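The values are calculated or read from the model by the stated rules, or taken from the named source; none is laboratory data. Predicted, not measured: the structure shown is a model, and the values here were computed from it. Cβ: placed from backbone, ideal geometry, glycine included. Neighbour counts: every protein chain shown. When the accessible area is computed, the model is the full protein with side chains, heavy atoms only, and any ligands, DNA or RNA have been set aside. Shrake-Rupley method; radii C 1.70, N 1.55, O 1.52, S 1.80 Å.
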Amino acid sequence: MTVTVAGCGYGDGGGDGAGASHPEKRAAAPAKILSHQELERTALESKDVDGFSIGPMVGDVGAGQPVVSQVSPAPARCKPINDMTAFVGRYQPVWQVAKTVGRTSDEANRSSTTVALNSYRQQDSTKVMTELRGALDTCTEFAPPASATTGWTYSQIRELPDPSLGDDALSYRMTLNMAADDVGPAQSVVFTYVVVRSGTTVATFTSNLLGVNNKPTDVPRHLIDAQLKKLSRASRG
């Protein structure tokens, strides 16, 4: 398991996540709701961080107004965690921008990171965090709605120490268990999440190792810092 060193990444630093604290969060000060143009300008670009190549996510999410799922996983209490696999809560974002991040060094190219920004109405942004935190208190594993056809499940869900970022933040780790199919054997992939509210925008960072079974990695710290710096400036600007 990776060891977190100041300036390296946000994760559990090799601990077991026990005793993750829930300090009192700062009250949501009035903040502007970022338009889709503002959110696009705020999203990270390759020029913002050295050593990384950043581009738009292609697929179900990328840029736009995402479809918020009304279907629950099993058990239903895990829905906020399941929703966050698409980088949303159960409230309709004003706009979403998602970027994929890869290292430019071939040697370190085993890790993959996604950064997603969702602008919300003020009350919805705080509810997203509250509901996600509540689900992490009670949910340890779940089957997503598509599991009947994919056979996928999520397990070993555990909250990590509070990252103390933005106006509210939390971090957690969970394992995606993929059943064997015609493409390849069964595999377990560990995802680390850092979710931060800055004003009315919720930023979701998630990292995993590519082609490595059942081993975690931390979200690169300087990616988070660079994105939050741009987001804070846009939210209060």
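Note on the stretch 198-237: residues that are of a type in the set (Val, Ile, Thr) and touching a helix residue (DSSP H, G or I) at 6+ places or on another chain (Cβ under 8 Å) amount to 4. Just one of the listed residues (ALA135, ALA146) is open to solvent by 40 Å² or more (accessible area, probe 1.4 Å), within 17 Å of ALA86 (Cβ to Cβ) and among the aliphatic types (A, V, I, L, M), namely ALA146. If you go through the stretch 68-126 and keep only what is of a type in the set (Ser, Thr, Tyr) and under 18 Å from ALA234 (Cβ atoms), you end up with SER119, TYR120, SER125. Can you confirm whether the stretch 191-199 contains a residue that is open to solvent by 20 Å² or more (accessible area, probe 1.4 Å) and of a type in the set (S, T, N, Q)? Checking the stretch 191-199: not a single residue is open to solvent by 20 Å² or more (accessible area, probe 1.4 Å) and of a type in the set (S, T, N, Q).
The single condition among (1) among the polar types (S, T, N, Q); (2) surrounded by 19 or more Cβ atoms within 10 Å (Cβ to Cβ); (3) out of contact with any Phe, Trp or Tyr (no Cβ under 9 Å at 6 or more places or on another chain) that GLN122 does not satisfy is (2).
If you go through the stretch 158-174 and pick out every residue that is within 15 Å of MET84 (Cα to Cα), crowded, with 18+ Cβ neighbours inside 10 Å and not small (Gly, Ala, Ser), you end up with 5. The test for being among the hydrophobic types (A, V, I, L, M, F, W, C), at pLDDT below 95 and under 20 Å from LYS229 (Cβ atoms) does not hold for ALA169.
Can you pull out the residues in the stretch 85-113 that are in a strand (DSSP E or B), under 22 Å from TYR172 (Cα atoms) and either at pLDDT below 85 or touching a Lys or Arg at 6+ places or on another chain (Cβ under 7 Å) (or both)?
SER111
When restricted to residues that are within 26 Å of SER147 (Cβ to Cβ) and touching a Gly at 6+ places or on another chain (Cβ under 9 Å), the stretch 188-209 contains 4. If you go through the stretch 84-93 one residue at a time, do you hit one that is without any contact (Cβ under 8 Å) to a residue 40 or more places away in the chain, open to solvent by 50 Å² or more (accessible area, probe 1.4 Å) and more than 22 Å from GLY199 (Cα to Cα)? No, the stretch 84-93 contains no residue that is without any contact (Cβ under 8 Å) to a residue 40 or more places away in the chain, open to solvent by 50 Å² or more (accessible area, probe 1.4 Å) and more than 22 Å from GLY199 (Cα to Cα).
Taking the condition over 14 Å from the mean Cα position of the chain (by Cα), closer than 30 Å to ILE33 by Cβ, touching a residue at least 40 places away in the same chain (Cβ under 8 Å) and surrounded by fewer than 17 Cβ atoms within 10 Å (Cβ to Cβ), does ARG110 pass? Against the criterion (over 14 Å from the mean Cα position of the chain (by Cα), closer than 30 Å to ILE33 by Cβ, touching a residue at least 40 places away in the same chain (Cβ under 8 Å) and surrounded by fewer than 17 Cβ atoms within 10 Å (Cβ to Cβ)), ARG110 does not qualify.
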